[in-house]
Every structure is written in structure tokens, then in C-alpha cells.
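Working notes, beginning with the structure itself.
Read the figures in this text as sums done on the coordinates, not as results from a lab. Just so we're clear, the structure is a prediction, and the values are computed from it rather than from any experiment.
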Amino acid sequence: MGPFGLILTVVIAAVVLAAVALLFHAQGYTSPAGTLVATPVGTATVNGQTLQHVTLAFNTYPDSTGMVNGKPIHPGGNPGWPAYGPTNVFQVPAHALVTVTVRQYDSGGSLNNSFFATVRGTVGNVATVNGKVVHSIDPNNVGHTFTVRGVPGTDPAFFLNVPFPAVGGDNQTDNGQYESVKFSFVSGTKGSYAWNCEFPCGVQIAGFGGPMSAFGFMSGFIHVV
Ligand SMILES: [Cu+2]
């Protein structure tokens, strides 16, 4: 092989590696239903600091067959699996007050670990459930949780956990029964924070398989920008 052949081989190898890296990256971060960008609503004062204030609204559904604003909850996904909707990827500004409104339409059961029944990391470490302020909910009546991890090297101390109570049956319609959960938290440093549900709402693997294992149903990202 002459010098030209060697250079060609190296170039082809580099292109193939770049293509593989790009595909892995795209696979890891592609949301099935786009990114929900938080809505700016002005400013708010938290612990004497004036912060930008934004709102987010999402729901938790017992299956993935429904529509939100005319769009399927989980296009191309397994319709029998529970899912967050309208998407599993959210975007909020850094160091802002984020007020989240959730409609939880799903039934549920017991957590493996009652740690996740306590509201953690919100303003005041509280949430409201149907308008009532709570510090925790019954660990044996949980529909889903919204649990956000810190990012190593960026904001390792960040942690947010909000449990959503179960409703007494699967009622996924706009007119169906739901638990209304509201909470606020202060977003961290810029980065992509992973969230997941800690109620074993999946199949197999002690309830942590299926929708709990697949990206896009019971896990996702909050991009803090
Ligand atoms: Cu869940």
C-alpha cells in the first residue's frame, strides 16, 4: 500500500467512526415527540432572589394511544405502554423558577422504596395535589414519579422528586379522572438532566422493564439552557 492508499484508509475509517458516533448520539437524544419549551411568565422572587419564571405542563397517561393537541402521545411507540405526554423532553432556562402542572390519569400501586413518596427538591419541599399542599403521598398509591438526577461535573447536587398519586382506574380521556399535581423548582446549571419515573409501572424485571427501560415513555431529559 502506497502513502495515498494509507491516507485513504485512514480517511475512510474516520468517516465511518464519525457516522457511527453521530448515529449513537442521535439515537440517545431524539425525542419521539419533540421538545416542550417552557413558557416565560415574568419573574418571581425565591429566597430574596429575583429569578426568571417559566411554566411547564405535561401529563401522565395509562397508555400511549391518545392525542394531545391533535398529536399522538407517542408516535411510533408501543401503544399499550404508559407514557408521559405530550413529550418526554423539556427545555427550561438555567437558574429559573419552573412551575410545573401535571395531570396524572393513570392507576398505580406501591413503590419499591418509600423514599420516592416524599417531595424533594421543590421550593419548600412541597407540591400541591388537587390544590392541597403535601410533603409526601401514600407510598402504596403512586401513579408515577417525576425524578430528576444531577449531572456529574455540571450540577451533581441537583435532585428533584415529585410523586403523583394514582387514580382509581385507567381513565385516559380529556374528560377522565385525574390527579392534579403542581410544584415549582429552581433549575440548575446549564446541561441535560435525565429524569425518570420511580414507580415500577413497567413489565418484567420487577416492573422496571418495557416502558421503564425504553427511552421516551417513563424517562427523558430536561435540557437546561
Ligand atoms: Cu411510571
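Annotations
- Segment Ser180-Ile7, extension gain: residue separation times 0.36 nm, minus the distance between their alpha carbons: 56.1 nm
- 26 Å Cα-Cα reach of Lys132 towards lysines, excluding residues that sit fewer than 8 places from it in its own chain: Lys182
- Using alpha-carbon coordinates, inclination of helix 3-29 to the longest axis of the chain, degrees: 10
- Once the chain from Asn69 to Thr45 is taken as fully extended at 0.36 nm per residue, the excess over their C-alpha distance is 5.4 nm.
- Near Thr55, the amide H atoms lying under 5 Å from its own belong to Thr39, Val41, Thr99; only residues 5 or more places off or on other chains count, and H is placed 1.01 Å from N.
- Bridge type composition, the stretch 26-105 - antiparallel percent by DSSP, nearest 5: 50
- For the chain, the relative contact order is 21 percent, taking Cα pairs closer than 8 Å that sit 6 or more residues apart in sequence and dividing their mean separation by the residue count.
- The slack between Val133 and Ala18, meaning 0.36 nm per residue of separation minus the straight C-alpha distance, is 36.3 nm.
- The antiparallel fraction among DSSP beta bridges confined to the chain stands at about 75%.
- Rounded to the nearest 5, the antiparallel percentage of DSSP beta bridges internal to the stretch 1-134 is 60%.
- Adding -39500 (n - 2.57) for every DSSP H run of four residues or longer, then dividing by how many residues the chain holds, sets the calculated 222 nm ellipticity at -4500 deg cm²/dmol.
- Of all the options Gly80, Gly153, Gly124, the one that moves most in a Gaussian network model of the chain with Cα springs shorter than 10 angstrom is Gly153.
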